[in-house]
Amino acid sequence: MKTYKITVNGFEYEVSVEEVSGGSVAKTASAPVFAKPQAASAAPAASQSAAGSVKITAPMPGKILSVKAAKGDSVKKGDVIMILEAMKMENEIVASQDGTIASINVNEGATVEAGTLLASLN
């Protein structure tokens with residue numbers, strides 16, 4: 001019997017697979033072992049320490065599809081900084097005022113919760 005650990009949607013499952021005669025396979029699965037979901041990626045620590053005075057946070061949970069701006073870029077109010085996918089819709093995360101990007105706190109592919117700091121402006 002072989003035991004495998006499988007993660008599905010942030011939940012870990014232990015699965016045992018036993019080979020039996022005749023070529024058929026019997027499978028058993030345990031109850032989920034609850035594990036904290038892991039974000040796809042976190043921004044470097046340097047970005048955290050260089051945060052600007054204007055915070056841009058996630059309005060809802062979702063996944064960062066793309067980052068359109070970089071640290072040091074000048075932006076105007078309404079410029080798209082990144083795209084957040086939530087409930088199969090693409091939402092533009094925009095600059096709340098004119099300024100310069102002080103930090104980008106997430107990477108493409110990251111899963112974020114509502115209120116997560118995405119970027120900051122000076």
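The values are calculated or read from the model by the stated rules, or taken from the named source; none is laboratory data. Remember, it's a predicted structure, so these values are computed and weren't measured experimentally. Cβ coordinates were reconstructed from backbone atoms using ideal geometry, including for glycine residues, and neighbour counts include every protein chain displayed. Calculation scope for accessible area: heavy atoms of the full protein, side chains included, ligands and nucleic acids excluded. Shrake-Rupley method; radii C 1.70, N 1.55, O 1.52, S 1.80 Å.
Numbers for the structure displayed
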item: Qualifying positions in region 68-83 - open to solvent by less than 40 Å² (accessible area, probe 1.4 Å) and out of contact with any Leu (no Cβ under 6 Å at 6 or more places or on another chain); result: Ala69, Val75, Ile81, Met82
item: Residues that are under 15 Å from the mean Cα position of the chain (by Cα), polar (S, T, N, Q) and under 15 Å from Ala51 (Cα atoms), drawn from region 64-122; result: Asn105, Thr116
item: All positions within region 112-122 that are buried (at least 17 other Cβ atoms within 10 Å of the Cβ) and over 22 Å from Lys77 (Cα atoms); result: Val112
item: Count of region 84-111 residues which are surrounded by 15 or more Cβ atoms within 10 Å (Cβ to Cβ) and more than 13 Å from Ile56 (Cα to Cα); result: 5
